[in-house]
Amino acid sequence: MTTLEFKPKLFSTLKNYNRKQFTTDLLAGIIVGIVALPLAIAFGIASGVTPEKGIITAIVAGLVVSVFGGSKVQIGGPTGAFIIIIYGIIQQYGFEGLTIATLMAGVFLILFGILHLGTIIKYIPYPIVVGFTSGIALTIFTTQIKDLFGLTMESVPSDFIEKWIAYIGSFPTIDWWSAGVGVLSVAVIALWPKISRRTVLGKLPGSLIAIIVMTVAALLLKQYAGVTSIETIGDRFSISNQLPGAQVPSLTWDVIKGLVSPAITIAILGAIESLLSATVADGVIGDRHHSNTELIAQGLANLASPIFGGIPATGAIARTMTNINNGGRTPVAGIIHAAVLLLIFLFLMPLAQYIPMACLAGVLVIVSYNMSGWRSFTSIMKNPKSDIIVLWVTFLLTVIFDLTIAIEVGLICACLLFMRRMAETTDVKVISDEINPEEESSDFQMGNLEHLTIPEGVEVYEINGPYFFGAGNKFEEIMGALRHQRPKVRIIRMRKVPFVDSTGIHNLTNLCLMSQQEGIQVVLSGVNPMVQAVLHKAGFDTMLGEDNICSHINIALDRARQLV
């Protein structure tokens, strides 16, 4: 029976908590809260919702993940990876559909944790992770071109290629003031770490500095130079600092069925990103997170966030690393980060209406660059062709279609290529006259190798590797090529077969039945206990006779001599 693994790190870290640790957690929490602010606003707008929904997500999900999570330093909230998924769901199902899909994803994540799938999810092939992450990064960059350059467009196509065609056609409408704000925002964020390295302001994120500077610049240009073409958040959204009440959407079976696929995509992506973030954090702080507890916490966060009007959330690598780098070592830092965001939301949210859209686009351009993982992408290009195929298939499907299809097809490709590799590790060889003594070192103790000559009228086949559906056909092909030969006994050596599946049993059964029809006796040799138990259940003892299932090649050859 599966036991529930739910051990939040908060409760274990509070046992030896002290004032010194609280001081460092307090500083880290304040800094992470400030870092999270511009990102939450940008992710909210880019996802197709209002900016306050991004902040609410960071507050609610950040608090839940820190209280119930399986990592000491994980910071939860909205992330760039979800932008494309959220935008697509809203376009197709509306915000209520997104709310239901997020709630369903929360349930799936909790089930993942209860079923102990935390370690399994981490084994999703690396090329798939890099492929869809790079694809999401390119897609996010593409969605920001309109705001970055202040293009005048009636509507932006959803298709990637059509979007770029529309951009090129609309480029003569560029607003140079907006473009200047966007490009300067990118420059400020990129150069800020180098400029501020030795100053007291070094702790502040470049994205916040860019927003402050560009917002002030836009206000001055409007006030004293009459520049009114720079679009701001307030021009597109009505900003509110009122906390929303808890609301549960009406659920129907038809709606639930229609949202299963996007909900599973949200759950899988959330699981991958949160566990990847927790694993990276473990390597830095020398700790070990509870993966199944983390999944349950992420599930609870995605149940709580939509109830209060938020969007999907997961562990954020950048904010988690900011937490670590500023001294955060317990979940208290994450709780403080949520409290800081709440205070900003209540008292400073109306000021967000003055932030230029081009500046937020610049923030997301940097986010997409950091997400792209182009170094990992290029390094995988030096790997075997199978990895390159999986990488490009996942990347192109993410960009051209959507992440749901990309993950599904990417996993199928990875599985098929894995099966091919496994099949290539299994080979079948035919031994016609004498067994090479140099290859029998493991059998030395069982007999005199000088007597391992194959009697006339006996064929020996040796299977090296797993005997599963990928290798079963290979064995059948070899048998088909030798069908014209009619020995009296066929010995099948299985000493190097670690397991056999149903296809392998089916092929072996067919071989035994066809051999019996041709008057040929089959003898199995070197069957390990695990494989022998499987064959026993399949009725091979009755089909071949117990005397014809031998533990060692010497015994099998003696049995063959008797039969001949």
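Table for the structure above
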read-out	value
Evaluation of Arg236 against (1) open to solvent by 50 Å² or more (accessible area, probe 1.4 Å); (2) in contact with a Leu (Cβ under 6 Å, 6 or more places away or on another chain) (one fails), failing number	(2)
Selected residue (criterion: farthest from Pro244 (Cα to Cα)) from residues of region 57-72 that are open to solvent by 10 Å² or more (accessible area, probe 1.4 Å) and β-branched (Val, Ile, Thr)	Val67
Condition broken by Ala105, with the remaining ones in (1) out of contact with any Gly (no Cβ under 9 Å at 6 or more places or on another chain); (2) in contact (Cβ under 8 Å) with a residue 60 or more places away in the chain; (3) farther than 30 Å from Thr232 by Cα satisfied	(1)
Any hit, region 172-182, residues being closer than 24 Å to Leu221 by Cβ and in contact with a Cys (Cβ under 9 Å, 6 or more places away or on another chain)	yes
Residue match in region 23-35 (condition: charged (D, E, K, R), in a helix (DSSP H, G or I) and touching a Gly at 6+ places or on another chain (Cβ under 6 Å))	yes
Where a residue in region 16-28 is in contact (Cβ under 8 Å) with a residue 12 or more places away in the chain and its partner, wherever it lies, is assigned to a helix (DSSP H, G or I), with Cβ under 7 Å and at least six apart	Phe22/Val332; Asp25/Val332; Asp25/Ala333; Asp25/Ile336; Leu26/Ile336; Ala28/Asn323; Ala28/Ala333
Selection within region 323-343 - in a helix (DSSP H, G or I) and either open to solvent by 30 Å² or more (accessible area, probe 1.4 Å) or charged (D, E, K, R) (or both)	Asn325, Ile335, Ala339, Leu342, Leu343
Residue check, Thr13 part of a helix (DSSP H, G or I), polar (S, T, N, Q) and at pLDDT 95 or above	no
Yes/no for Leu219 being surrounded by 11 or more Cβ atoms within 10 Å (Cβ to Cβ) and within 17 Å of Met357 (Cβ to Cβ)	yes
Leu417 at pLDDT 75 or above, over 26 Å from Ile505 (Cβ atoms) and either part of a loop (DSSP other than H, G, I, E, B) or of a type outside the set (Gly, Ala, Ser) (or both)	no
Residues being under 20 Å from Asn370 (Cα atoms), β-branched (Val, Ile, Thr) and more than 29 Å from the chain's Cα centre (by Cα) - total across region 138-161	0
Which listed residue, of Gly88, Gly94, Gly77, is open to solvent by 10 Å² or more (accessible area, probe 1.4 Å) and on the phi > 0 side of the Ramachandran plot	Gly94
Set Ile233, Ile189, Ile174, Ile195: member being of a type in the set (Val, Ile, Thr), farther than 13 Å from Gly362 by Cα and in contact (Cβ under 8 Å) with a residue 60 or more places away in the chain	Ile233
Yes/no for Gly299 being assigned to a helix (DSSP H, G or I), in contact (Cβ under 8 Å) with a residue 24 or more places away in the chain and under 25 Å from the mean Cα position of the chain (by Cα)	yes
Residue within region 264-276 that is assigned to a loop (DSSP other than H, G, I, E, B) and within 30 Å of Ile355 (Cβ to Cβ) present	no
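The values are calculated or read from the model by the stated rules, or taken from the named source; none is laboratory data. Because the structure is a prediction, the values reported are computed rather than measured. All Cβ positions, glycine included, derive from the backbone under ideal geometry; neighbour counts span all protein chains shown. In case anyone asks, the SASA skips ligands and DNA or RNA and just uses the protein heavy atoms, side chains included. Shrake-Rupley method; radii C 1.70, N 1.55, O 1.52, S 1.80 Å.
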